[in-house]
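Peer 1: Have a look at the structure that comes next, please.
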Amino acid sequence: MKKKAGRKTLATLTTTALALSLLAGCGGNNSNSNANKGSAGTEGKTNTAATTEGNAAPAAETGIDTSKKVELQFYMLGDAPKDLPIIQDEINKMAQEDLNATVKFNYTSWTDWDQKYKLLLSSGQAIDLIFTADWTQYQSYAKRGAFLAIDDLLPKAAPELQKFVPESMWEDVKVDGKIYTVPATFKEYVTNGFVYREDLRKKYNLPAPKDLATYEAYMDGIKANEPDMMPISLNSDIGNNLHYIYTELNKMVGALPYGMGVKYETPTTVYSYWGSDEQKEELKTMKRWADKGFIPKNVLNIKDTMQDPITSGKAASMFGDNPNRFNDMKMKISTTHPEWELAYSPFGRTTGYATPVHPIHNGFAIPKSSKNPERALAFYQKLVLDKRYNQLTQYGIEGKNYTVEGGYYKLVGTSQSNGFSREGMNGWAWRNPEFMLFDKGFDGVKAIFDELDKIQKPDLFLGFAEDYSSYQAEKAALEQVEKQYLFPLEAGLVDDVDKGLETFMQKAKQAGLEKIQAEWTKQWNAYTAEKGIK
């Protein structure tokens with residue numbers, strides 16, 4: 001994932017009994033964060049989990065029927081690049097010849113993407129391929145019958161893709177013993193880190209952010225010396241952009257729901273973070289930030305992306321983002337404001353560990369509503385394994401959108417003038433390490449990855465699949481309480497933090513918090529015992 005926060009979320013990894021409304025929309029039964037001649041070069045071949053040989057997948061006899069021409073409906077999250085129609089036309093020329101198919105690439109935009117995603121999967125709309133991730137509730141949707149199991153389809157429609165993805169990754173994405181998504185194979189870290197304007201830090205002799213204290217001191221300096229600039233980029237998604245980043249920096253396991261608290265170093269000890277002195281300290285920190293003017297009073301109504309204020313110069317920092325997205329911002333700034341300098345400090349330097357992405361972090365599934373599942377999977381094989389398809393959809397048209405110089409990707413023009421920037425289609429899931437092109441600035445990301453490799457620890461917890469069927473009503477009620485009483489607290493907008501927290505806890509308990517926490521804890525304990533996690 002790129003545009004959305006790269007956190008490892010457990011809040012979204014919820015699995016339930018079959019939801020009748022979803023099943024009705026999805027067909028009923030239960031099987032549910034760039035073209036062509038360039039070489040990635042030796043500089044680009046790093047941090048890979050798998051590689052391919054040659055430029056394209058062999059034209060294997062798949063045995064699927066391609067006699068009828070079809071149009072595949074392909075859904076991505078985020079915003080479409082300006083040159084998408086051109087790229088789509090070029091892809092369709094090849095796909096029509098290879099598979100007697102064309103494809104329509106559709107995008108949700110980043111505004112309220114989660115609600116749009118839910119609607120796409122519950123409406124029964126014909127969709128042939130859709131992006132999946134831990135943070136889009138892959139496991140939950142798979143459990144609820146939204147996706148088609150592809151175990152039997154793979155050897156028939158995409159045999160080379162089946163071989164290409166390591167068997168361990170196929171195992172890791174299984175839900176109830178079935179495969180519902182094709183995982184990405186590029187090894188990366190999407191753990192958070194401080195992003196900040198290094199040129200301003202140097203200019204005003206500010207501390208380099210490495211923990212909460214130094215980050216706050218940095219923002220103090222920005223506020224004092226650049227009063228018209230936002231010290232921190234924020235939007236209405238306070239949970240992801242303040243709360244969960246704060247808890248990650250404090251060694252919490254993932255983005256836990258319902259105020260549950262579990263630390264990475266003591267994973268079998270479960271406690272209520274909500275109502276604790278630990279939470280009170282977080283809320284008072286955010287109140288202090290708001291009082292200092294770091295957090296805008298209208299923050300819960302801001303719908304901008306988190307990255308745009310950085311690249312436009314409206315904001316001086318982000319509390320947390322991942323190395324890949326940091327590099328994208330840095331590359332954009334280099335074409336528009338080369339005099340600016342952007343820096344990054346990974347949280348692993350503070351916490352002492354980092355976890356590589358789990359295979360479910362980026363993938364593509366075939367919804368149950370698909371009219372062309374075999375052709376969809378065959379097309380996806382082309383995206384991953386045919387260099388023509390892959391580099392065209394990742395980088396655009398060579399010479400028009402990018403060039404390759406000395407083995408490095410280089411954007412043509414600027415991020416404003418170019419209609420297709422690197423990975424402009426948000427195609428993180430079909431990255432092929434053998435075909436990837438990296439800009440020169442990515443050497444810095446590889447250095448970060450190398451640093452994190454030395455302190456890496458496995459992600460043991462994304463396999464946890466919550467079943468909230470016994471407290472679904474309480475869960476829905478609690479979500480409304482969070483929106484009304486918790487989000488303003490987390491944004492520092494409540495004058496009396498102690499009283500506000502007391503009110504929130506009272507309302508949360510009335511909604512069924514204690515029942516939810518007790519059942520969740522029981523499931524968590526069963527999971528850690530089953531996996532031998534101590």
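So that you can scan it fast, the table gives a plain yes or no per residue for (1) farther than 25 Å from PRO356 by Cβ; (2) crowded, with 16+ Cβ neighbours inside 10 Å; (3) touching a Cys at 6+ places or on another chain (Cβ under 9 Å); (4) not β-branched (Val, Ile, Thr):
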position: ASN250; (1), (2), (3), (4): no, yes, no, yes
position: MET260; (1), (2), (3), (4): no, yes, no, yes
position: THR269; (1), (2), (3), (4): no, no, no, no
position: LYS284; (1), (2), (3), (4): yes, no, no, yes
position: GLY293; (1), (2), (3), (4): yes, no, no, yes
position: ASP304; (1), (2), (3), (4): yes, yes, no, yes
position: THR311; (1), (2), (3), (4): yes, yes, no, no
position: GLY320; (1), (2), (3), (4): no, yes, no, yes
position: ARG325; (1), (2), (3), (4): no, yes, no, yes
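Peer 1: Another one. Here is a list: ASP459, ASP495. Which entry is surrounded by 13 or more Cβ atoms within 10 Å (Cβ to Cβ), of a type in the set (Asp, Glu) and assigned to a loop (DSSP other than H, G, I, E, B)?
Peer 2: Just a single option satisfies the conditions, and that option is ASP459.
Peer 1: Considering segment 154-189 alone, what residues qualify as being polar (S, T, N, Q) and part of a loop (DSSP other than H, G, I, E, B)?
Peer 2: THR181, THR185
Peer 1: Can you tell me which residue is farthest from ASN432 (Cα to Cα) among those in segment 348-372 that are in the same structural domain as LYS174 (by TED's automatic domain parsing) and hydroxyl-bearing (Ser, Thr, Tyr)?
Peer 2: SER369
Peer 1: Next question. Just the residues that are under 24 Å from GLY239 (Cα atoms), modelled with pLDDT of 95 or more and of a type in the set (Asp, Glu), please, taken from segment 322-346.
Peer 2: Matches in segment 322-346: none.
Peer 1: Can you spot a residue in segment 114-137 that is surrounded by fewer than 20 Cβ atoms within 10 Å (Cβ to Cβ) and aromatic (Phe, Trp, Tyr)?
Peer 2: Taking every residue of segment 114-137 in turn, at least one turns out to be surrounded by fewer than 20 Cβ atoms within 10 Å (Cβ to Cβ) and aromatic (Phe, Trp, Tyr).
Peer 1: Let me ask another. From the set of residues in segment 172-219 that are among the hydroxyl-bearing types (Ser, Thr, Tyr) and surrounded by fewer than 17 Cβ atoms within 10 Å (Cβ to Cβ), which is farthest from ASP467 (Cα to Cα)? Talk me through it step by step, then tell me what you get.
Peer 2: Pass one, segment 172-219, residues among the hydroxyl-bearing types (Ser, Thr, Tyr): 180-181, 185, 189, 191, 196, 204, 214-215, 218.
Those still in the list that are surrounded by fewer than 17 Cβ atoms within 10 Å (Cβ to Cβ) too: 204, 214.
Values: TYR204: 51, THR214: 40 Å.
The selected residue is TYR204.
Peer 1: Restricting attention to segment 332-350, which residues are within 24 Å of TRP135 (Cβ to Cβ), surrounded by fewer than 22 Cβ atoms within 10 Å (Cβ to Cβ) and touching a Leu at 6+ places or on another chain (Cβ under 7 Å)?
Peer 2: GLY348, THR350
Peer 1: Could you give every pair whose Cβ atoms fall below 7 Å, whose first residue belongs to segment 103-130 and is more than 21 Å from TRP428 (Cβ to Cβ), and whose second residue is in a helix (DSSP H, G or I), counting only separations of at least 6 or pairs across chains?
Peer 2: SER122/SER21; SER122/LEU22; SER122/GLY25; SER123/GLY25; GLY124/GLY25; GLY124/CYS26
Peer 1: Kindly indicate which of LEU383, LEU437, LEU377 is surrounded by 24 or more Cβ atoms within 10 Å (Cβ to Cβ), in a loop (DSSP other than H, G, I, E, B) and not acidic (Asp, Glu).
Peer 2: Selected residue: LEU437, the only one of LEU383, LEU437, LEU377 that is surrounded by 24 or more Cβ atoms within 10 Å (Cβ to Cβ), in a loop (DSSP other than H, G, I, E, B) and not acidic (Asp, Glu).
Peer 1: Can you tell me how many residues in segment 142-160 are of a type outside the set (Val, Ile, Thr), within 29 Å of GLY254 (Cβ to Cβ), buried (at least 20 other Cβ atoms within 10 Å of the Cβ) and touching a Lys or Arg at 6+ places or on another chain (Cβ under 9 Å)?
Peer 2: Residues in segment 142-160 being of a type outside the set (Val, Ile, Thr), within 29 Å of GLY254 (Cβ to Cβ), buried (at least 20 other Cβ atoms within 10 Å of the Cβ) and touching a Lys or Arg at 6+ places or on another chain (Cβ under 9 Å): 6 in total.
Peer 1: Shifting gears a bit: SER369 fails exactly one of the following numbered conditions: (1) part of a loop (DSSP other than H, G, I, E, B); (2) closer than 18 Å to LEU84 by Cβ; (3) among the small types (Gly, Ala, Ser). What is the number of that condition?
Peer 2: (2)
The values are calculated or read from the model by the stated rules, or taken from the named source; none is laboratory data. Quantities reported herein were computed from a predicted structural model and do not represent experimental measurements. Don't worry about glycine lacking a Cβ; one is built from the backbone with ideal geometry, like all the others, and counts go over all protein chains shown.
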